[in-house]
1. Can you find a residue that is touching a His at 6+ places or on another chain (Cβ under 8 Å) and touching a residue at least 12 places away in the same chain (Cβ under 8 Å) anywhere in the stretch 161-183?
2. Here is a list: S235, S267, S282, S242. Which entry is at pLDDT 95 or above and either small (G, A, S) or open to solvent by less than 50 Å² (accessible area, probe 1.4 Å) (or both)?
3. Using the structure shown, decide if A180 is open to solvent by 40 Å² or more (accessible area, probe 1.4 Å), assigned to a loop (DSSP other than H, G, I, E, B) and of a type outside the set (K, R).
4. Can you tell me which of (1) open to solvent by 40 Å² or more (accessible area, probe 1.4 Å); (2) touching a Phe, Trp or Tyr at 6+ places or on another chain (Cβ under 6 Å) is the one G166 doesn't meet?
5. Pairs only if they're at least six apart or on different chains, beta carbon under 8 angstrom, first in the stretch 85-98 and closer than 12 Å to I25 by Cβ and of a type in the set (V, I, T), second modelled with pLDDT under 80 and surrounded by fewer than 16 Cβ atoms within 10 Å (Cβ to Cβ); list them, first residue then second.
6. Take K32 and decide whether it is loosely packed, with under 14 Cβ neighbours inside 10 Å and among the basic types (K, R).
7. Assuming F226 fulfils every condition listed in (1) open to solvent by 70 Å² or more (accessible area, probe 1.4 Å); (2) hydrophobic (A, V, I, L, M, F, W, C); (3) modelled with pLDDT of 95 or more apart from one, which condition is it?
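The values are calculated or read from the model by the stated rules, or taken from the named source; none is laboratory data. In this text, all values refer to a predicted model and were calculated from it rather than measured experimentally. Here the Cβ is made from the backbone with ideal geometry for all residues, glycine too, and neighbour counts use every protein chain on show. The area values use the complete protein model at the heavy-atom level, side chains included, leaving out ligands, DNA and RNA. Shrake-Rupley method; radii C 1.70, N 1.55, O 1.52, S 1.80 Å.
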Amino acid sequence: WQVMAGVRYEAVSVPTEVNGKIATIPNPLQDKTVTVGGPLYQNPSKRNFAPRASTAWDVGGKGKTVFRAGAGIFFDLPSSRDLLISGVRMPPFYLRPLVSNPVFPNAVAALNAAGSGSALLAMDSLTYSPQQPYVLQFQASWQHQLSPHTVASLTYAGSRGIHLTGYIGNIDTPVPSFTAGGTAYFAPGAPKLNPAFGRIGMRTTQFDSYSHSLQGSVQRRMAHGFRLEGSYTFSKSIDDASSPIFDDFLTTDLVPVFRLRDNRGRSDFDVRHDATLNASWSAPRMHGGPVARFLAAWELHGLMRLQSGFPFNPFTGFDRTGLGDSTDGGQRPDLIAAPDAKIILGNPQHWFDPNAFALQPAGYFGNLGRNTFTGPGLFDLDLATHKTLWAGERLRVTLRVEAFNVTNHSNFQVPSGLAVFNSSGQRVSSAGQITATATNSRQMQMALRLDF
């Protein structure tokens with residue numbers, strides 16, 4: 001039985017600019033002007049002590065069954081993308097005017113006029129008083145040797161993210177009123193929360209995440225010409241906003257302010273079921289004539305994967321709530337279908353039934369949750385056969401024949417037509433339509449490989 005424990009200290013300094021060209025907005029809903037000069041934000045990382053611990057136990061003392069467990073805290077430090085985009089797109093050093101429907105061809109004049117007033121400027125800022133983002137990770141696994149060549153394992157892994165960084169596209173919305181039940185209502189013509197500025201995008205640290213998974217696998221090492229490995233994962237990931245790499249400003253821009261708690265749902269990358277199986281077989285060597293030599297020493301390889309679909313949700317399609325944004329700002333319609341209604345049709349032309357949704361009342365958010373539905377699953381089978389035609393001390397010639405997506409199965413992406421209504425309130429005919437696939441069609445290739 002072994003136990004290990006430790007602690008890691010990981011802090012970061014606040015970036016500076018040699019000429020003091022830093023602009024911040026410490027109180028974005030009260031400040032009337034930006035603050036020029038550092039610091040860029042108040043440093044929350046000075047107490048970043050991260051404990052970790054793990055243990056391993058040889059059950060029975062025979063080396064055939066092992067139990068392992070571990071847990072630790074891991075801090076998330078600001079990335080260069082946070083600093084280079086959110087920390088730089090601030091007036092007066094960066095001007096980005098907002099102009100709605102300028103009269104053609106006088107767009108330049110409209111831009112010049114907009115640039116003269118901060119109330120028409122859009123900015124992207126970091127919260128001035130961030131909390132320290134961190135993730136608690138924990139894992140426990142059981143591993144047992146079934147035979148001299150075969151090992152089975154069962155693992156539970158989980159994580160809990162706290163004070164995670166996320167992007168809100170606009171925190172400077174019209175002033176809402178609230179019903180007795182706490183529902184936000186944005187009246188037409190309501191003043192903005194801070195009339196001194198235009199659109200204020202904000203990186204904040206008020207997002208959470210939860211992840212749990214159960215993973216099982218069986219692995220047989222190569223023996224007697226045969227190898228096999230299979231695994232299955234049952235998991236669920238929940239968060240307030242997902243930030244896939246290279247798409248973080250695209251996806252998390254759909255987080256509506258005053259509805260952060262309602263935005264909690266399945267992560268954009270959540271996959272409930274994921275199973276893989278791969279195997280290899282080497283034909284035994286044969287002695288004899290040319291036919292025997294040709295039939296001998298072939299290698300067969302196969303890889304199969306089955307995966308459930310990614311989550312998604314339809315959008316209203318325009319600014320029905322009255323947030324004053326050029327897009328719908330992550331607004332979702334009302335779900336009106338009966339509990340037992342079939343909403344997912346499974347047809348690439350209409351993956352979901354648009355008639356299951358209604359336009360929410362003007363000034364309100366719809367009742368549909370985030371990532372409520374599941375897109376198409378995935379099935380893929382790849383096969384390959386290899387044969388060494390010649391092997392010498394300095395030269396090796398191998399024939400390779402490989403086929404991908406052997407069954408030519410159509411694996412679709414989530415629907416691209418997620419807007420249910422147009423700006424006139426009419427249903428969009430392409431709602432629920434899928435226009436892209438996740439994998440290519442069947443592909444085959446042959447190669448003669450020369451190693452020297």
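1. No: zero hits.
2. S235 is the lone residue from the list that is at pLDDT 95 or above and either small (G, A, S) or open to solvent by less than 50 Å² (accessible area, probe 1.4 Å) (or both).
3. Yes.
4. The number of the failed condition is (1).
5. none
6. For K32, the condition - loosely packed, with under 14 Cβ neighbours inside 10 Å and among the basic types (K, R) - is met.
7. Evaluating F226 over (1) open to solvent by 70 Å² or more (accessible area, probe 1.4 Å); (2) hydrophobic (A, V, I, L, M, F, W, C); (3) modelled with pLDDT of 95 or more leaves (3) as the failure.
Yes/no per residue for (1) closer than 29 Å to F186 by Cβ; (2) surrounded by 15 or more Cβ atoms within 10 Å (Cβ to Cβ); (3) out of contact with any His (no Cβ under 8 Å at 6 or more places or on another chain):
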position: G375; (1), (2), (3): no, yes, yes
position: H386; (1), (2), (3): no, yes, no
position: N405; (1), (2), (3): no, yes, yes
position: N411; (1), (2), (3): no, yes, yes
position: P415; (1), (2), (3): yes, yes, yes
